[in-house]
Amino acid sequence: MASFLPLILIFGLMYFLMIRPQQKKARAQRNLVASIQVGDEVLLHSGLFGVINEVEDDIIWLEVAENIELKLLRSSVERRFNEPVIEEAQEEAVEEADEGPIAD
């Protein structure tokens, strides 16, 4: 039984270092895809940028240029650019800059 203890510890360590972070990343991606809305500026896995004009079940219509729309799978979205987290970080940076000493 004592010889299995290191093996169990290695599997436990592997779970927390490899499997769990991957599961968190997959969950975050699923949440992102589920929360896509019209007007969001997004980046696709292929590297295309655009604004979402219409959202159907598993299909989005992405405007990449004026009057040019692409029909894509919703799961092809990698990242959203108009997330409120970015705005909050910018506000915190401005507050920190305002609190600093003023040079004469």
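Of all residues in segment 34-44, those satisfying the criterion of being under 12 Å from the mean Cα position of the chain (by Cα) and either under 13 Å from LEU70 (Cβ atoms) or of a type outside the set (Gly, Ala, Ser) (or both) are ILE36, VAL42, LEU43, LEU44.
Let's see how each residue does on (1) at pLDDT 90 or above; (2) in contact with a helix residue (DSSP H, G or I) (Cβ under 9 Å, 6 or more places away or on another chain); (3) not acidic (Asp, Glu):
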| site | (1), (2), (3) |
| --- | --- |
| LEU17 | no, no, yes |
| ARG20 | no, no, yes |
| GLN23 | yes, no, yes |
| ILE36 | yes, yes, yes |
| ASP40 | yes, no, no |
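So which strands (runs of 3 or more DSSP E) are wholly in segment 1-91 and hold at least 1 residues that are aromatic (Phe, Trp, Tyr) and loosely packed, with under 10 Cβ neighbours inside 10 Å?
none
The values are calculated or read from the model by the stated rules, or taken from the named source; none is laboratory data. The structure displayed is predicted, hence computed values, not measured ones. Note that each Cβ is placed from the backbone with ideal geometry, even for glycine, and that neighbours are counted across all protein chains shown.
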